[in-house]
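The values are calculated or read from the model by the stated rules, or taken from the named source; none is laboratory data. From a predicted model like this one, the values you see are computed outputs, not experimental measurements. Virtual Cβ from ideal backbone geometry, glycine too; neighbours counted across all protein chains shown. Heads up: the accessible areas ignore ligands, DNA and RNA and are worked out on the full protein's heavy atoms, side chains in. Shrake-Rupley method; radii C 1.70, N 1.55, O 1.52, S 1.80 Å.
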Amino acid sequence: MRTADLRVAVMGAGAVGGYFGARLAASGATVVFIARGEHLEAMRQHGLRVKSLHGDLDIHSEFASGSDRIADLVLFAVKSQDTEEAARSLAPVMGRTTVVLSLQNGVDNADRIARLWGGDRSLAGVAYVSARVSAPGVIEHTGGGRIALGPLRAAGAHHAHLAQSILTQAEIPCEVSPDIRTVLWRKLVWNAPFCALSCLLRMTVGDILGLAALEAMVRGCIDEVREAARCCGVDLPPSVAEEALSASVPLRSVKPSMLQDLEAGKPLEHEALNGLVVKILQQAGKRAPINEILYGALARIDEDLRTRRGIGRRI
């Protein structure tokens with residue numbers, strides 16, 4: 001299928017969804033960007049501007065709070081706490097063959113989407129990209145831009161390769177993983193310690209790496225993530241800790257997404273990261289002392305954020 005014949009819906013056109021959606025739009029696909037708030041209003045008035053190390057983009061497309069036109073592909077990039085609500089709202093864009101690709105933090109979002117729209121066409125993905133919404137309607141892309149994706153079960157392999165083809169035509173580096181669940185857990189190995197510590201301490205990745213005590217906490221957090229993964233049938237090798245630390249060196253100036261959310265006054269994704277580790281190990285009769293501390297502190301900050309913004313607490 002040629003990109004010029006494609007219709008794509010981006011559910012959650014923030015930094016990740018907006019960046020990849022812009023790449024698809026620039027390649028000729030018809031893209032509707034679904035967003036809300038000041039970001040949506042700015043895009044409606046001025047379009048979406050992407051400042052990228054790969055070349056700037058100025059996208060004038062359809063920007064909306066929802067859509068009622070069938071899509072071939074949905075890039076699903078809302079925050080994990082909004083997954084169920086956003087997945088239900090997809091009904092008007094879901095045709096018989098529509099494929100949904102989750103590009104969210106956490107390891108179980110695609111499963112939650114699949115419960116509504118079926119496991120064969122609900123794909124899990126990991127986005128390796130450094131991007132942020134620097135101003136309403138403006139995305140700043142400073143690194144990466146690769147996607148790994150895969151089906152939740154073997155019957156979805158065809159849809160995974162279709163999504164890969166679509167993304168590759170838009171010059172988005174993309175690979176299909178035969179074991180996407182392991183890929184998701186490997187991403188959580190990095191997200192659980194670095195997102196939490198950066199948010200709690202207002203530190204960049206480099207700030208965290210610069211303190212031996214924090215590096216030790218990162219390693220301890222990763223050990224707990226490995227144990228939670230093992231409880232879910234995913235065996236991560238001990239080397240993932242060194243791999244995560246090595247991969248962090250070129251990211252020294254990066255503010256992880258959770259710190260960006262805190263600075264923007266937005267709800268945090270602690271439930272999908274540290275909270276999930278705590279929950280899985282508790283259900284197995286085990287403890288996750290480091291993740292329990294991180295999760296408890298983040299939950300308190302998140303509650304304060306929601307109180308100030310008048311947002312009801314999610315259970």
*Might you check whether a residue that is under 27 Å from HIS39 (Cα atoms), touching a residue at least 12 places away in the same chain (Cβ under 8 Å) and among the aromatic types (Phe, Trp, Tyr) occurs anywhere in the range 109-126?*
no
_Residue selected from the range 153-176 under the condition part of a loop (DSSP other than H, G, I, E, B) and under 17 Å from the mean Cα position of the chain (by Cα), by the criterion surrounded by the most Cβ atoms within 10 Å (Cβ to Cβ)_ = ILE172
*Select from the range 115-130 the residues that are touching a strand residue (DSSP E or B) at 6+ places or on another chain (Cβ under 7 Å) and open to solvent by less than 20 Å² (accessible area, probe 1.4 Å) and list them in ascending order.*
SER122, LEU123, ALA124, GLY125, VAL126, ALA127
*Is it true that some residue in the range 186-199 is over 16 Å from SER246 (Cα atoms) and open to solvent by 10 Å² or more (accessible area, probe 1.4 Å)?*
no
*State yes or no: is GLY285 surrounded by fewer than 22 Cβ atoms within 10 Å (Cβ to Cβ) and either basic (Lys, Arg) or not in a helix (DSSP H, G or I) (or both)?*
yes
*Within the range 129-140, is even one residue part of a strand (DSSP E or B), farther than 25 Å from VAL277 by Cβ, at pLDDT below 95 and among the polar types (S, T, N, Q)?*
no
*Return the only residue of GLU292, GLU243, GLU303 being under 14 Å from VAL189 (Cα atoms), in a helix (DSSP H, G or I) and open to solvent by 40 Å² or more (accessible area, probe 1.4 Å).*
GLU243
*Any residue at all in the range 268-279 that is polar (S, T, N, Q) and surrounded by 19 or more Cβ atoms within 10 Å (Cβ to Cβ)?*
yes
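Look at the range 246-256 and say how many of its residues are open to solvent by 10 Å² or more (accessible area, probe 1.4 Å) and part of a helix (DSSP H, G or I).
Residues that pass the stated criteria total 5.
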*Keeping to the range 143-152, report how many residues are open to solvent by 30 Å² or more (accessible area, probe 1.4 Å) and either within 30 Å of LEU262 (Cβ to Cβ) or under 16 Å from the mean Cα position of the chain (by Cα) (or both).*
2
*asked:* Condition check: over 17 Å from the mean Cα position of the chain (by Cα) and surrounded by 15 or more Cβ atoms within 10 Å (Cβ to Cβ). Does ASP235 satisfy that?
replied: no
_Single condition SER257 does not satisfy, out of (1) touching a residue at least 12 places away in the same chain (Cβ under 8 Å); (2) among the polar types (S, T, N, Q); (3) over 23 Å from GLY275 (Cβ atoms)_ = (3)
*asked:* Which count do you get for residues in the range 257-275 that are of a type in the set (Gly, Ala, Ser), within 24 Å of GLY143 (Cβ to Cβ) and in a helix (DSSP H, G or I)?
replied: 2
